[in-house]
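Below is one structure, written out as C-alpha cells; comments come after it.
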Amino acid sequence: MASFPLKIVTPDGLIFDGQAEKIIVRSTTGDLAVLARHINCVYPLGMGQAVIVTDGVRRTAACIGGMLSVVNGEVSLVPTTFEWADQIDTDRAEASFKRAETILEQKDSSDTDIQLAEARMKRALIRKSVAQSK
C-alpha cells in the first residue's frame, strides 16, 4: 500500500513524524480516512479514536479536538490531545469520569459546570474505550 508523510503535533510537542499508509480520525462531522494521494483539505477534529497504519501495523489513540490538514500529499494532524492506547492511564480516566459524574449529580451546578463535566465525561469514555482496544 502506498504511503504518505504524516506529522502528529500536539501542544506538548511532536508525537509522530514518519510515513503512514492510512489514518482514520473523528472529525466534527464524522469519521474521516486519509490514504496516499488524498485531495488537499482541512478538517476540524472532534473527539474519538484515531487509527494510524504504518508499515502494516495498526495503532490506536485517543484524539481530542484540533485539526487535520492534507496539503500536496503531506498530512498534518494537530490535535489538542493525542494519547496512544498503550500510554493511557485508565485509572486517571476513571477518576476524571467520576469527578464529572459527581458534578452532574449536583443540583446546584451551573450550565457551564454541566457542559464542562459532560465534555470531561466524554473524553474519559473515549480514553477508556481506546485503552481497551490496545
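Looking only at residues of segment 66-90 that are open to solvent by less than 30 Å² (accessible area, probe 1.4 Å) and not small (Gly, Ala, Ser), we find that the one that is farthest from Ala124 (Cα to Cα) is Val70.
Scanning segment 58-65 for residues that are closer than 18 Å to Lys128 by Cβ, open to solvent by 60 Å² or more (accessible area, probe 1.4 Å) and at pLDDT 95 or above turns up at least one hit. Checking each residue in segment 98-131 for being in a loop (DSSP other than H, G, I, E, B) and small (Gly, Ala, Ser) picks out Ser109, Ser110. Using the structure shown, decide if Gly13 is more than 24 Å from Lys128 (Cβ to Cβ), in contact (Cβ under 8 Å) with a residue 12 or more places away in the chain and open to solvent by less than 70 Å² (accessible area, probe 1.4 Å). Considered against the rule, which asks whether it is more than 24 Å from Lys128 (Cβ to Cβ), in contact (Cβ under 8 Å) with a residue 12 or more places away in the chain and open to solvent by less than 70 Å² (accessible area, probe 1.4 Å), Gly13 comes out as no. Considering only residues in segment 43-65 that are farther than 17 Å from Ser3 by Cα and touching a residue at least 40 places away in the same chain (Cβ under 8 Å), the one that is farthest from the chain's Cα centre (by Cα) turns out to be Thr60.
The values are calculated or read from the model by the stated rules, or taken from the named source; none is laboratory data. Quantities reported herein were computed from a predicted structural model and do not represent experimental measurements. Note that we place each Cβ from the backbone using ideal geometry, even for glycine, and neighbour counts take in every protein chain shown. Heads up: the accessible areas ignore ligands, DNA and RNA and are worked out on the full protein's heavy atoms, side chains in. Shrake-Rupley method; radii C 1.70, N 1.55, O 1.52, S 1.80 Å.
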